[in-house]
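This report refers to the structure that appears directly beneath it.
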Amino acid sequence: MPPPPPFPSLDAFYLHLLRACTSLRHAAAVHAHIARAHPAASLFLRNTLLAAYCRLGGPLPARRLLDEMPRRNAVSFNLLIDAYSREGLAPLSLETLARARRAGVDVDRFSYAAALAACSRAGHLRAGRAVHALAILDGLSSGVFVSNSLVSMYSKCGEMGEARRVFDVAEERDDVSWNSLVSGYVRAGAREEMVRVFAMMRRGGMGLNSFALGSVIKCCSGRGDGTMDIAEAVHGCVIKAGLDSDVFLVSAMIDMYAKKGALVEAAALFRSVQEPNVVMFNTMIAGFCRTETVIGKEVASEALTLYSEVQSRGMQPTEFTFSSVLRACNLAGYLEFGKQIHGQVIKYTFQEDDFIGSALIDLYFNSGCMEDGFRCFRSSPKHDIVTWTAMVSGCVQNELHEKALSLFHESLGAGLKPDLFTISSVMNACASLAVARAGEQIQCFATKSGFDRFTVMGNSCVHMYARSGDVDAATRRFQEMESHDVVSWSAVISCHAQHGCARDALHFFDEMVDAKVVPNEITFLGVLTACSHGGLVDEGLRYYETMNKDYGLSPTIKHCTCVVDLLGRAGRLADAEAFISNGIFHADPVIWRSLLASCRIHRDLERGQLVANRIMELEPTSSASYVILYNMYLDAGELSLASKTRDLMKQRGVKKEPGLSWIELKCGVHSFVAGDKSHPESSAIYTKLEEMLSRIEKLATTDTEISKREQNLMNCHSEKLAVALGMIHLPQSAPIRVMKNLRVCRDCHSTMKLISKSENREIILRDPIRFHHFRDGSCSCADYW
C-alpha cells in the first residue's frame, strides 16, 4: 500500500496519526489499520504506538502489543515500565524490568530510573534496594541520572541515611542531586541536616532554583526555635538569586511568615509585589486566618479588606479565596459580611466545594443561625466527611447533642468513614448527655478504626466517662493512654474534682508537675474545684497564688468564683465578700451568686438579703438569685418574705427554669420534669416511688430530715421519678445514674441517701455543680455541697 500524499512513507503517515490520537479508542483504530495494511512496520513505529497506549492510560493494551512485537529494544520496555509506574502498579513495573533483563535487552539508565520511580510512588523500600543492586551489577548506579533516582527513592521511603550515602559516593552531582537531598530532609523533618546540606550547596557554587528554595522555605515554616533566623536568611538567598519575583516562592515565603506568626513581615512582603496575582492574595488572606496566630477582629478584618481588593482589581476568586474569607468572617463574627460572601459563592458556582460548604456551616452555627446552617447542609449536592463533621461539631457547640448523635448515625448510614475529629465531636455529645452506653459504642468504633491510639481520642473518652458518672472508667482510660498532654491531665483532675475525690485530684496534679507538663487555666480550675468540694481551704488558696506566681496565669471569673465558693462553703463569708469587693470581677453577678449560695448553707439571712439585692441590680431577669433567696426565707420560716420574693419574680416576668432529669437505659434516654405523668410507664414509676418513700420513712430519724410537708411537696421531683424508673429496669448490681440540669435540693439529697440504704443500691446523681455518689445511706459529698 503506497503512502497517501504528502507523506513520504507509511511510517511517516502512521506516526502522524498516532501523534494526533486523543483516546485509547483512536490508538486502537490506528493499531488495527497498521496490522492490516503495514505488517512490516519499523521498530520505531511500533514503539511510537506503544508510547501512544502508555500516554493515553492503557498499560494493558501496551503489554499485549509488547508481547506481539517481533523485535524489542530498551525503549520498548522502558515505555511499559514507566507506564506501570505512573499507574501505581509497582509490581508490574519491576516485573517488566526483570523480563527485559531475561530477554537479553541492554537496559539503560532510563529503565532503572522508571523502576525506581515506581518503588518511590509505592513506598516499596525492599524492591527499591533490589533495583539498586541490579543497577550496581550493570555499572549504572554511579551515573548522575540513576543516583538522583536512588536519592529520591530512599528519601521518599524514609531512609535518609541510605539517601545520603548514595549522594556522597556519586561520581557526579547536579542541581537535581542537591534538590532531591534537600527535599528529602524537608520531608523527614530533619531541619538541621537540611540547613547543613543547603549551606554545602551554596558553598559548592550550585545555582539556586525555585524547587530547592521552595523545599527550604517549607522546612522553615515550622515554629521551632531559631527557624525565624533561617527563614530570613533563606529570604535573602531568594533575593540574591533574583527569584524574588517568582510567584511560587513569594507565595511560599508569605505562607512561611504567616505560619510563624510574623504577620507584619508577611504583609510587608505581600505589599512589595507590584502586581500580586490571586494566588498571592489567597496566601495572604489564609495567613491572616491561621489558627497558630492569635486572631483578633482587626486581623480578620485585614483578610476581608484583601478580599475587597481582589474584587476591585477584577480578579477571579478561587475556592481557596472563599474558604479563607469565610473563615475570617467566622473568626471576626461578621455574619452579615459572611452572608454577602455566601452570595458571591453562589455567583461563582462554588457552592459544591466541600471546604466552602463546611466553612459556611461553621459560620452559621457559630453565629447561632441553626436553620441557615441546616439549609446549607441540605442544599449541598454532595456530603463528604468534612461537611458531616462540621454539622456534628456545630450541633454540639449549640447544645443540640441528640441531633449531633442522629447526624453521626446518618453519616454511617450514608457509607462514610468518620475521621478522628468527627468521633471526638460525637464523644463530646455523649459526654454532655451523659449517655455512657452510647459513648462506649463510639469508643469501640474508634478502637476498630484505629483512632484509640491518638491522645485526643483518649481525652474525649476520659471526659465522656467523667461526665457520665463513671470515675473508675475515666481513670482506667487515662492510665491506658500512651501519652498525656495538658488536656489529658486537666480532664482526669477535673473528673475527680467533680466527683468529690479532692485528694485524688491533687495527687494527679502532683504527677502532672512531675511529668514536666505545664498546667493551664483549665487545670487550675479543676484543682480549685477539688479544693472547694473537699473543703481544703488552705490548699486552695495556695494553689490560687501559685497559678499566677509560678505559672504566670491570670485568674478568670471562673477561678475567682471557685475561691469564693471555697471560702463560702467553709463559713468564711466575710472573707469571701471581701475577696469579691477587692477583685476585678466585683461587677459580675456569677461570683456574687456563689456567695449567695453559701449564705443559704450557713443561714446568714442578713448578708444573703444584701447579696441578693446586689445580684438583682446586676442581673434583674435571672431566676437563680430569686430562687435561692426564696429558699433562704423558707428555711428561716419567713413565709411572708418568701411570698413577696415569688410575687417580685412574677412582677418582673422572671421565670424559673424547669427542673429536668434524665436516665439512660437499654431502650434509650428517658427524661422527666417534676410531677411528670407523660411517660408510658408512669403508673409503675409512681407505684415504685411510693413504695420506696414508705420504706424510708422508717429510716428517717427526725422530722427535720424529711418532714411530712416536704414529702408532700417534693416527692414528685424529676430526679426521684428517674431513680424509680432505674429501680424498675436495672439489675441490682448496676448503679443508677441520673443527670439533672438544676442543683439538687436538700430534700432530694436526703431522700437519695435513704433510698440507697433501704434499697441497697448505688445512686449517682449529677447536677451542674458536682456528682453525688449515694451508697449505704451516705453521699460522697459528705453533705458538703
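With respect to (1) assigned to a helix (DSSP H, G or I); (2) open to solvent by 30 Å² or more (accessible area, probe 1.4 Å), the lone exception for SER733 is condition (1). Here GLU545, GLU539 are screened, and the one residue that is over 19 Å from SER598 (Cα atoms), open to solvent by 70 Å² or more (accessible area, probe 1.4 Å), of a type in the set (Asp, Glu) and more than 32 Å from the chain's Cα centre (by Cα) is GLU545. For the range 585-602, the criterion of being open to solvent by less than 20 Å² (accessible area, probe 1.4 Å), assigned to a helix (DSSP H, G or I) and either hydroxyl-bearing (Ser, Thr, Tyr) or touching a strand residue (DSSP E or B) at 6+ places or on another chain (Cβ under 8 Å) (or both) is met by at least one residue.
The single residue among THR22, THR48 that is assigned to a loop (DSSP other than H, G, I, E, B) and of a type in the set (Val, Ile, Thr) turns out to be THR22. Looking only at the range 10-53, which residues are of a type in the set (Phe, Trp, Tyr) and within 54 Å of the chain's Cα centre (by Cα)? Selection gives TYR53 alone.
Remark: pairs (first residue in the range 178-198, modelled with pLDDT of 80 or more; second residue among the charged types (D, E, K, R) and surrounded by 22 or more Cβ atoms within 10 Å (Cβ to Cβ); Cβ separation under 8 Å; 6+ apart in sequence or on different chains) = GLY184/LYS156. Just checking, does the range 627-646 include any residue being part of a helix (DSSP H, G or I), of a type in the set (Asp, Glu) and open to solvent by 20 Å² or more (accessible area, probe 1.4 Å)? Yes - at least one qualifying residue is present in the range 627-646. Note on the range 506-570: enclosed helices (runs of 4 or more DSSP H) holding 3 or more residues that are in contact with a Lys or Arg (Cβ under 9 Å, 6 or more places away or on another chain) and at negative phi are 521-534. Of all the numbered requirements in (1) aliphatic (A, V, I, L, M); (2) surrounded by 19 or more Cβ atoms within 10 Å (Cβ to Cβ); (3) more than 17 Å from the chain's Cα centre (by Cα), ALA414 misses one, and that requirement is (2). Restricting attention to the range 492-520, which residues are among the hydrophobic types (A, V, I, L, M, F, W, C), more than 25 Å from GLY552 (Cβ to Cβ) and open to solvent by 30 Å² or more (accessible area, probe 1.4 Å)? Selection gives CYS501 alone. The residues in the range 455-481 that are part of a helix (DSSP H, G or I) and open to solvent by less than 30 Å² (accessible area, probe 1.4 Å) can be counted, and the count is 15. Against the condition surrounded by 15 or more Cβ atoms within 10 Å (Cβ to Cβ), within 28 Å of THR447 (Cβ to Cβ) and free of Cβ contacts under 8 Å to residues at least 60 places away in the same chain, how does HIS559 come out, does it pass? Judged against the criteria, HIS559 is not a match. Annotation: ASP575 fulfils all but one of (1) out of contact with any Cys (no Cβ under 9 Å at 6 or more places or on another chain); (2) assigned to a helix (DSSP H, G or I); (3) open to solvent by less than 40 Å² (accessible area, probe 1.4 Å); the unmet one is (3). Candidates are the residues of the range 658-683 that are under 16 Å from LEU433 (Cα atoms) and of a type in the set (D, E, K, R); the one that is surrounded by the most Cβ atoms within 10 Å (Cβ to Cβ) is GLU664.
Rundown of residues vs (1) under 18 Å from ASP538 (Cα atoms); (2) at pLDDT 95 or above, yes/no style:
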position	(1), (2)
ASP485	no, no
ILE493	no, yes
ALA497	yes, no
ARG503	yes, no
PHE508	no, yes
ALA515	no, no
VAL518	no, no
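The single condition among (1) in a helix (DSSP H, G or I); (2) open to solvent by 10 Å² or more (accessible area, probe 1.4 Å) that MET391 does not meet is (2). Residue count for the range 623-653 under the criterion of being touching a residue at least 24 places away in the same chain (Cβ under 8 Å) and in contact with a Phe, Trp or Tyr (Cβ under 6 Å, 6 or more places away or on another chain): the result is 1. Here ARG63 meets the list (1) more than 51 Å from the chain's Cα centre (by Cα); (2) under 29 Å from ARG102 (Cβ atoms) almost entirely, failing just condition (1).
Condition check ((1) within 20 Å of GLU399 (Cα to Cα); (2) in a helix (DSSP H, G or I); (3) of a type outside the set (Phe, Trp, Tyr)) across all residues:
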{"position": "ASN330", "(1), (2), (3)": "yes, yes, yes"}
{"position": "PHE337", "(1), (2), (3)": "no, yes, no"}
{"position": "VAL345", "(1), (2), (3)": "no, yes, yes"}
{"position": "ILE361", "(1), (2), (3)": "yes, yes, yes"}
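Taken over the range 603-618, the criterion of being open to solvent by less than 60 Å² (accessible area, probe 1.4 Å) and not in a helix (DSSP H, G or I) is satisfied by ASP604 alone.
Scanning the range 417-442 for residues that are over 24 Å from LYS382 (Cα atoms), in a helix (DSSP H, G or I) and either among the β-branched types (Val, Ile, Thr) or open to solvent by 40 Å² or more (accessible area, probe 1.4 Å) (or both) yields ASN428, ARG437, GLU440, GLN441, ILE442. When the range 229-252 is filtered for residues that are in a helix (DSSP H, G or I) and either of a type in the set (Gly, Ala, Ser) or open to solvent by 50 Å² or more (accessible area, probe 1.4 Å) (or both), the ones remaining, listed by number, are ASP229, ALA231, GLU232, ALA233, GLY236, ILE239, LYS240, VAL247, PHE248, SER251, ALA252. Checking each residue in the range 27-39 for being at pLDDT below 85 and open to solvent by 40 Å² or more (accessible area, probe 1.4 Å) picks out HIS33, ALA35, ARG36, PRO39.
The values are calculated or read from the model by the stated rules, or taken from the named source; none is laboratory data. Predicted, not measured: the structure shown is a model, and the values here were computed from it. Quick reminder, even Gly has a Cβ in these numbers, built from the backbone with ideal geometry, and neighbours come from all protein chains shown. Areas reflect the complete protein model, heavy atoms only, side chains present, ligands, DNA and RNA absent. Shrake-Rupley method; radii C 1.70, N 1.55, O 1.52, S 1.80 Å.
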